[in-house]
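Colleague: I have a structure I would like to understand better, so I am pasting it below and will then ask my questions one at a time.
The values are calculated or read from the model by the stated rules, or taken from the named source; none is laboratory data. From a predicted model like this one, the values you see are computed outputs, not experimental measurements. We place every Cβ from the backbone using ideal geometry, glycine too, and count neighbours over all the protein chains shown.
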Amino acid sequence: MPTTISPAPRPFADFPVQALMPFTTRPPLVFTEGRGSWLHDSEGRRYLDLVQGWAVNTLGHAPPEVARALAEQAGKLLHVGPGLHNAPAIALADRLASLSGLDRVFLASSGAEANEGAIKLARKFGRRHRGGAYEIITFRHAFHGRTLAAMSASGKPGFDTLFAPQVPGFPKADLNDIASVASLVGPGTVAVMLEPIQGEAGVVEASTDFLQALRRLTSELGLLLIVDEVQTGVGRTGTMFAHQRAGIRPDVMTLGKGLGGGVPIAAVLAREEACCFEPGDQGGTYSGNPLVCAAALAVLDVVANPGFLPAMAARAERWRAGLDALAHREGGPATSGQGLLLALELPQPGRAQRLADALRDRPGHGMLVNAVRPERLRLMPALNASEGDLTLALALLDEALLAVG
C-alpha cells in the first residue's frame, strides 16, 4: 500500500489573500481538502461541516460519484457552447422534466442566473399573453440572488438601496398572508414568485395552506406561479422538491446549489404553456455545459434512488428531535425548516454568531455552522451525513450552548 504523506502545514499568513477582491468577511483559514462531512484546512485542522457550501454539497465534500462523472466527462468533451447539442445536457433536461412533472428545461450556471431567466420568461409571457403585464409579486425577506433584477425581486432588508435604482416591477407581499398577495394583483401583474422556505430570512417556511391557496389564486387569475427552489430543491427538505409537500405544481421552478453537488449549475423548468422564449431571447456561454451536466446527473442518480430520501428523512427527523430538545432547554421555539435545512433559534440576539465562532475555533476539531440571523443558526449538512456525524454535531452544539453566554 502506498504511504500517504500529508503536506507540511501552511499558516494563513503565507497565503497572498490580498489579491482577492473583498466582498465578505472570512475567517483567517484556508481550506485545502474535504471528505464527506469533514473539511481540512491548510494547517491540518479538521472541521465538521454543517454549512456545506451553503446547501450546495448535496453528497458532501468530494463525493466519489461526482468525481468519477467529472473525470470521465473531462476525458470526452468539456464544452461545445449553447448553440450545439451535447448528450449530458439532453439527458439532464430529460431527467429533470421526468422528476418534476414540468415540460421544458433551460440550463444555467447559478441560482441567480436561473431566477433571472425565470423573471425574463414571465415578462415575455406577460407581453405575449397578458397585454404587456410585467409585474411579479414577490415577498418581504425573500432572497433570489445578487444580479440587479434578482436583488430587486428579493425582499432582503437593504437590497432596495444597495445598488439603487432597483429594477421596477416587484411589489412585495407578506409570506403566509394570501390577502396581502391578492391586494397587490392588478392589470400589470403576470406572476407570483416565492421560495417554499426562505433560507436567508432564517429558514422561514411557507405553510402548506398558503402554498395551496397561492396555487388556486394564480390559477384562477391566469398568473404564473414561480417557485424558487435554488436552496430547497434536489432532496434538501426530504422530498425531491419542497413544493411537493404541499401537493402543488408550479408553472416555473428554478434550481441551483444542490443540483451540481459542488459544481456550478442551475436550471429553469417550466410547463409547456409558459415556455415562450424565442431564439435570441435567452442564452449563456456555459448553458448546458457537458462537464457540469455530467456531475448533476451523478447527483440525481444518488438522490433519486428509491431508498435515499426516505433514509435521509428518517435521519433528519432524529436530528430535528435532538435540536428541539436543545431549543427547549434554551427557552427557544421548536426548530424551523424541513429535512436537512433547519434553523435553531436562540433567545438572545447576537448569540448565534458567538456560537458559530466558538464552534469553529474550539480545541481539537471545529464545527462550521451559519449564523444566518443574530438569533438563528442555519444548519445544512450533507444529505448523506451519517447518524454518527449528526450525533456528534448535537454533542458539539450542546457543549457550545453551555459554554457560550
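Colleague: Among (1) under 30 Å from VAL105 (Cα atoms); (2) surrounded by 10 or more Cβ atoms within 10 Å (Cβ to Cβ), where does GLY75 come up short?
Modeller: Answer for GLY75: the failing condition is (2).
Colleague: Could you tell me whether any residue of region 156-173 is outside any helix (DSSP H, G or I), under 13 Å from LEU214 (Cβ atoms), modelled with pLDDT of 95 or more and assigned by TED's automatic domain parsing to the domain that holds GLN212? Walk me through it before giving the result.
Modeller: Initial filter on region 156-173 (outside any helix (DSSP H, G or I)): 156-158, 163-173.
Keeping just the survivors that are under 13 Å from LEU214 (Cβ atoms) gives 173.
In the following step, the residues that additionally are modelled with pLDDT of 95 or more were identified as 173.
Of the ones still in play, those that are also assigned by TED's automatic domain parsing to the domain that holds GLN212 are 173.
Yes - at least one qualifying residue is present in region 156-173.
Colleague: Could you tell me whether any residue of region 117-125 is farther than 19 Å from GLY222 by Cα and at pLDDT 95 or above? Please lay out each step first, then the result.
Modeller: First, the residues of region 117-125 that are farther than 19 Å from GLY222 by Cα: 117.
From what's left, at pLDDT 95 or above: 117.
Within region 117-125, one or more residues are farther than 19 Å from GLY222 by Cα and at pLDDT 95 or above.
Colleague: Considering only residues that are within 24 Å of ARG146 (Cβ to Cβ) and among the acidic types (Asp, Glu), look in region 163-217 and name the one that is farthest from the chain's Cα centre (by Cα).
Modeller: ASP174
Colleague: Still on this structure, I have one more. Go through (1) modelled with pLDDT under 95; (2) not in a loop (DSSP other than H, G, I, E, B) for ASP209 and report which single condition fails.
Modeller: (1)
Colleague: Out of ALA87, ALA62, ALA69, ALA93, report the one residue that is surrounded by 13 or more Cβ atoms within 10 Å (Cβ to Cβ) and in contact with a helix residue (DSSP H, G or I) (Cβ under 6 Å, 6 or more places away or on another chain).
Modeller: Values: ALA87 fails: in contact with a helix residue (DSSP H, G or I) (Cβ under 6 Å, 6 or more places away or on another chain); ALA62 fails: in contact with a helix residue (DSSP H, G or I) (Cβ under 6 Å, 6 or more places away or on another chain); ALA93 fails: in contact with a helix residue (DSSP H, G or I) (Cβ under 6 Å, 6 or more places away or on another chain).
Going through ALA87, ALA62, ALA69, ALA93 in turn, just one is surrounded by 13 or more Cβ atoms within 10 Å (Cβ to Cβ) and in contact with a helix residue (DSSP H, G or I) (Cβ under 6 Å, 6 or more places away or on another chain): ALA69.
Colleague: Another question about this same structure. Out of GLY350, GLY337, GLY366, report the one residue that is touching a Gly at 6+ places or on another chain (Cβ under 9 Å), assigned by TED's automatic domain parsing to the domain that holds HIS40 and not aliphatic (A, V, I, L, M).
Modeller: On the way: GLY350 fails: touching a Gly at 6+ places or on another chain (Cβ under 9 Å); GLY366 fails: touching a Gly at 6+ places or on another chain (Cβ under 9 Å).
Just a single option satisfies the conditions, and that option is GLY337.
Colleague: Among the listed residues GLY366, GLY332, GLY337, identify the single one that is modelled with pLDDT under 95 and not polar (S, T, N, Q). Please lay out each step first, then the result.
Modeller: Numbers: GLY366 fails: modelled with pLDDT under 95; GLY337 fails: modelled with pLDDT under 95.
Exactly one residue qualifies, and that residue is GLY332.
Colleague: Filter region 319-365 down to residues that are over 25 Å from the mean Cα position of the chain (by Cα) and of a type in the set (Asp, Glu) and give me whichever is surrounded by the most Cβ atoms within 10 Å (Cβ to Cβ).
Modeller: The selected residue is GLU330.
Colleague: Please enumerate the residues belonging to region 376-397 that are over 21 Å from the mean Cα position of the chain (by Cα) and more than 18 Å from GLU317 (Cα to Cα).
Modeller: LEU396
Colleague: Please verify whether region 115-130 includes one or more residues that are over 21 Å from the mean Cα position of the chain (by Cα), assigned to a loop (DSSP other than H, G, I, E, B) and within 23 Å of ALA149 (Cβ to Cβ).
Modeller: yes
Colleague: Residues of region 46-92 being of a type in the set (Gly, Ala, Ser), touching a residue at least 40 places away in the same chain (Cβ under 8 Å) and under 30 Å from ARG271 (Cα atoms), which ones?
Modeller: ALA55, ALA69, GLY81, ALA87, ALA89, ALA91
Colleague: Tell me which of these TRP54 doesn't satisfy, since it passes every other one: (1) under 24 Å from the mean Cα position of the chain (by Cα); (2) outside the structural domain of MET193 (by TED's automatic domain parsing); (3) not in a helix (DSSP H, G or I).
Modeller: Just one mismatch for TRP54, condition (3).
Colleague: Does VAL299 satisfy the condition of being outside the structural domain of ARG95 (by TED's automatic domain parsing), of a type in the set (Val, Ile, Thr) and in contact with a helix residue (DSSP H, G or I) (Cβ under 8 Å, 6 or more places away or on another chain)? It would help to see each step written out before you state the result.
Modeller: Working: outside the structural domain of ARG95 (by TED's automatic domain parsing): no; of a type in the set (Val, Ile, Thr): yes; in contact with a helix residue (DSSP H, G or I) (Cβ under 8 Å, 6 or more places away or on another chain): yes.
No.
Colleague: Inside region 132-155, can you point out the residues that are aromatic (Phe, Trp, Tyr), farther than 13 Å from GLU116 by Cα and in a loop (DSSP other than H, G, I, E, B)? Can you show your working first?
Modeller: The initial filter retains those residues of region 132-155 that are aromatic (Phe, Trp, Tyr), namely 134, 139, 143.
Remaining after also requiring farther than 13 Å from GLU116 by Cα: 134, 139.
Result: TYR134, single match.
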